[in-house]
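Student: Supplied in structure tokens, the structure appears directly below.
Each value in this text was obtained by applying a stated rule to the coordinates, not by laboratory testing. Small disclaimer: the values here were computed from a predicted structure and weren't measured. Don't worry about glycine lacking a Cβ; one is built from the backbone with ideal geometry, like all the others, and counts go over all protein chains shown.
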Amino acid sequence: MNIHETIVKATKILEENNIKTPYLDSELLLSKIIKKDRKYIILNSKKKLDEYYLRNFNKLIERRKRGEPIAYLINFKEFWKQKYFIDKNALIPRPDTEILVEETLRLYEKEKKLNILDIGTGSGCLLLSILKERKNFMGTGVDISKKALNVARFNAKLQHLGNRVKFYNSDIDKFFIGKYDLILSNPPYIKNFNIKYLEKDVACFEPKVALDGGSDGFSKITKVIVKTSNLIKKNGKFILEIGCHQRNEAVNKLKNNNFYINKIIKDYGKKDRCIISTKI
Ligand code: GLN
């Protein structure tokens, strides 16, 4: 079979299994297998594929068919300006989380020197994207998942940021190192009961520890706010991602922990997604 025929056949399989972008996914998976970019695939559609490639490609299509996210199959996801290595141990970076990067960069000029902490760093995408843009920032990432931290460490290496970042494997409750000018967090904030209703890609394949916000969806946010209040310097900024119906609860919790609310930002779907506050 040639490239074009292979992609058409795979697209049909994915379509029949309700995968939303079957053609694109097939192209991406074939690029991964033959180690060429999409441009090559489009320009060489008549080229015959080796049996070996076909077999491996079909294996990936089978996995995609069952809902496994494309990022886990091709082992990367673009976030902000970089490609991040991703595997099943880390939450896949979301475009909405780029809002936290954008807002952070808006707050500090290029040469500023800061000590920053990312609570629940996962793949490290948030922390590393910011470090990449601000040469004088020093970063610390904490995560309860050892396996997620290995993903973050690998990404730090890939981006040559190893000398400006430290990672700690710890529950944030048990973390007492340092005082920070800026703290960021995208904690798990989905109600435990609702996880099964999320898209299959998310519900069946992404790490529960990165999604599960307890029975009310808010317990991890509470924990992060209380802890941040101790780890942050006076006048330090706190940039927090929240679930779309958690705005009022989060604002109250922040105020009770001596944070002044600067700004609440909506995501691309016009839902409240990010709160910027200052420790007073
Ligand atoms: N935004 C993610 C989702 O909707 C959830 C991430 C999180 O819990 N922090 O799948």
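Student: With a ≥ b ≥ c taken as the square roots of the eigenvalues of the C-alpha gyration tensor of the stretch 34-100, please select rounded if a/c is under 1.5 and otherwise prolate if a/b is larger than b/c or oblate if it is not?
Tutor: Oblate, because a/c is 1.5 or more while a/b does not exceed b/c.
Student: Take the chain, connect every pair of alpha-carbon atoms lying under 10 Å apart with a spring to form a Gaussian network, then pick out the residue of 223, 174, 237 with the largest mean-square fluctuation.
Tutor: Highest fluctuation of the listed residues: 174.
Student: Below 8 Å, C-alpha to C-alpha, sequence gap of six or more: please give me the relative contact order for the stretch 135-206 in percent.
Tutor: Dividing the mean separation by the residue count of the stretch 135-206 yields 30 percent.
Student: Around residue 119, what is the net charge, scoring Lys/Arg as +1 and Asp/Glu as -1 over all other residues with Cβ under 15 Å from its Cβ?
Tutor: Net of charged neighbours comes to +3.
Student: Of the trypsin sites (Lys or Arg not before Pro) in the stretch 97-143, which ones lie in a loop per DSSP and count no more than 11 other C-beta atoms within 10 Å?
Tutor: 110, 113, 135
Student: What longest range of the chain stays clear of loop-exposed chymotrypsin sites (Phe, Trp or Tyr not before Pro) (DSSP non-H/G/I/E/B, at most 16 other C-beta within 10 angstrom)?
Tutor: The answer is 1-175.
Student: Structure shown: which of 147/200; 110/200; 9/35 lie over 29 Å apart, alpha-carbon to alpha-carbon?
Tutor: 110/200
Student: Would you mind counting up the charge near residue 271? Only other residues with Cβ under 11 Å from its Cβ, with Lys and Arg at +1 and Asp and Glu at -1.
Tutor: Net charge in that neighbourhood comes out at +1.
Student: OK, next. Check cross-link reach from residue 59 to the aspartates and glutamates: straight Cα distance under 18 Å, and skip same-chain residues fewer than eight apart.
Tutor: By straight Cα distance, residue 59 reaches 5, 15, 16, 25, 27, 50, 51, 68, 87, 201.
Student: Let me ask you something else. With angles folded into 0 to 90 degrees, how steeply does helix 146-158 sit against the dominant principal axis of the chain? Use alpha carbons for both and round to 10.
Tutor: 80
Student: Another question, if that's okay. Could you state the angle between the C-alpha long axis of helix 219-231 and the longest principal axis of the C-alpha atoms of the chain, as a value from 0 to 90 degrees rounded to the nearest 10?
Tutor: 50
Student: Taking the alpha-carbon centroid of each part, what is the distance from the stretch 158-203 to the stretch 264-280 in angstrom?
Tutor: 17
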